[in-house]
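Presented below is the structure to which this report refers.
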Amino acid sequence: MAEPLFRRLALLGIGLIGSSVARVARERGGLAAEVVACAKTGRTLARVLELGIVDRVEESPEKAVAGADCVMLCAPVGAYAALAQTIAPHLAPGCILTDVGSTKQSVIRDVGPLVPEAVHFVPAHPLAGTEFSGPDAGFAALFEGRWCLLTPPAGTDADAVERMAEFWRRCGSMVTTMEPAHHDRVLAIVSHLPHLIAFTICGTADDLEGESRQEVMQFAASGFRDFTRIAASDPVMWRDVFLNNREALLEMLARFTEDAQAMARAVRWGDAAYIEDRILRGRKIRQSLIDLKQA
Ligand code: NAP
């Protein structure tokens, strides 16, 4: 087994993503000699101890980060600013402050200015997840074969970036760096908009009256069911993602709405060729994902 990359890893937030990282550290080694976790509630910390996936839990973020050479924010992105404010004076010189948040410009905006001079800030986003949340939902194979995007601000120490790249490779991920604004646009279309559509379509179905709504549930076996899986995701996490990637999400939603209107027009006017062409494009995209082993 490789030498651990860090002496002490502090996870601030230990839900689906944080607990998956903890499990990689525990089950495979190579990440950190010691893992400390902090969460918002004592209930989560008690559960984490029961699960035995970290070495130590701390109720206060300040205590959790003390002496850590890697601190990873694994809470909803809306909590980052206050967390960073709390921990900044307690970060050890030379430590790496990183995160797993689904938005990156907001993280750099909220956390960047609070990072002490001697601390390396390496924002990251593992493109891996499920609709489940909390420490019971995590598993060590979550990051296997998935991309992890690093979005270091200009001037970030290259060694710190490489250490985080190695961290995620040891989790089984493929790693690349990306410019934060570009990250947010790409994620708006591949992740944030699909979630917005899923939450919306479930709401639309739920608004149907009486018998129709009952039948939606009874006969959900077709496309609707796949939307309900995505729509089962954590409300706080997704609220924060939408509010912290506002511009890119609204831009992609506007483009989508235009395209949906074009499809509606084709349906109204019986434009079979247009409809068929759009469906074929969907099929091609699905095939490309299968070819890239990302399906
Ligand atoms: P989760 O399962 O809901 O877990 C969130 C964790 O953060 C919980 O342990 C929660 O503690 C803790 N927390 C909340 N507020 C906190 C605060 N103020 N201080 C300390 N801890 C706090 O969420 P997740 O799915 O792991 O998501 C975590 C991060 O990963 C988010 O930023 C999200 O954008 C990103 N991400 C998610 C996915 C995904 O598909 N889920 C994929 C990639 C990246 P309690 O349990 O005590 O409330």
Can you find, within the stretch 14-36, the residue that is farthest from residue 173 (Cα to Cα) among those that are within 11 Å of the ligand (Cβ to nearest atom) and open to solvent by 10 Å² or more (accessible area, probe 1.4 Å)?
15
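Considering only residues that are in a helix (DSSP H, G or I) and open to solvent by 30 Å² or more (accessible area, probe 1.4 Å), look in the stretch 95-123 and name the one that is farthest from the ligand (Cβ to nearest atom). Break it down stepwise before answering.
The initial filter retains those residues of the stretch 95-123 that are in a helix (DSSP H, G or I), namely 105-114.
Narrowing further to those that are open to solvent by 30 Å² or more (accessible area, probe 1.4 Å): 105, 108-110, 113-114.
Working: 105: 13, 108: 14, 109: 15, 110: 12, 113: 19, 114: 15 Å.
This residue is 113.
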Of the conditions (1) more than 10 Å from the ligand (Cβ to nearest atom); (2) over 23 Å from residue 116 (Cβ atoms); (3) in contact (Cβ under 8 Å) with a residue 12 or more places away in the chain, residue 49 clears all except one; give me its number.
(3)
Listed by first then second residue, the pairs whose first member lies in the stretch 15-28 and is not assigned by TED's automatic domain parsing to the domain that holds residue 134, whose partner is open to solvent by 10 Å² or more (accessible area, probe 1.4 Å), with beta carbons under 7 Å and at least 6 positions apart or on separate chains, are none
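How many residues, within the stretch 255-271, are more than 32 Å from the chain's Cα centre (by Cα) and surrounded by 10 or more Cβ atoms within 10 Å (Cβ to Cβ)?
Pass one, the stretch 255-271, residues more than 32 Å from the chain's Cα centre (by Cα): 264-271.
Retained after the next criterion (residues that are surrounded by 10 or more Cβ atoms within 10 Å (Cβ to Cβ)): 264-267, 271.
Within the stretch 255-271, residues that are more than 32 Å from the chain's Cα centre (by Cα) and surrounded by 10 or more Cβ atoms within 10 Å (Cβ to Cβ) number 5.
Does residue 133 fit the bill of being out of contact with any Leu (no Cβ under 8 Å at 6 or more places or on another chain) and polar (S, T, N, Q)?
Values: out of contact with any Leu (no Cβ under 8 Å at 6 or more places or on another chain): no; polar (S, T, N, Q): yes.
Spelling it out, it is not the case that residue 133 is out of contact with any Leu (no Cβ under 8 Å at 6 or more places or on another chain) and polar (S, T, N, Q).
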How many residues are out of contact with any Ser or Thr (no Cβ under 6 Å at 6 or more places or on another chain), charged (D, E, K, R) and under 25 Å from residue 295 (Cβ atoms) when one looks only at the stretch 136-177?
3
Index of the failed condition, residue 220 passing every other in (1) surrounded by fewer than 13 Cβ atoms within 10 Å (Cβ to Cβ); (2) assigned to a loop (DSSP other than H, G, I, E, B):
(1)
Residue within the stretch 66-82 that is surrounded by 22 or more Cβ atoms within 10 Å (Cβ to Cβ), away from the ligand (no atom under 12 Å from the Cβ), over 29 Å from residue 242 (Cα atoms) and not assigned by TED's automatic domain parsing to the domain that holds residue 243 present
yes
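Only one residue in 151, 177, 130 is β-branched (Val, Ile, Thr) and either more than 16 Å from the ligand (Cβ to nearest atom) or touching a Cys at 6+ places or on another chain (Cβ under 9 Å) (or both). Which one?
On the way: 151 fails: either more than 16 Å from the ligand (Cβ to nearest atom) or touching a Cys at 6+ places or on another chain (Cβ under 9 Å) (or both); 130 fails: either more than 16 Å from the ligand (Cβ to nearest atom) or touching a Cys at 6+ places or on another chain (Cβ under 9 Å) (or both).
After applying the criteria, what remains is 177.
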Among the candidates 126, 152, residue that is surrounded by 18 or more Cβ atoms within 10 Å (Cβ to Cβ) and touching a Lys or Arg at 6+ places or on another chain (Cβ under 7 Å)
126
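The values are calculated or read from the model by the stated rules, or taken from the named source; none is laboratory data. Please read all numbers here as calculations on a predicted model, not as lab measurements. Every residue, glycine among them, receives a Cβ derived from its backbone with ideal geometry; neighbour counts consider all protein chains shown. With ligands, DNA and RNA removed, areas are computed over all heavy atoms of the protein, side chains included. Shrake-Rupley method; radii C 1.70, N 1.55, O 1.52, S 1.80 Å.
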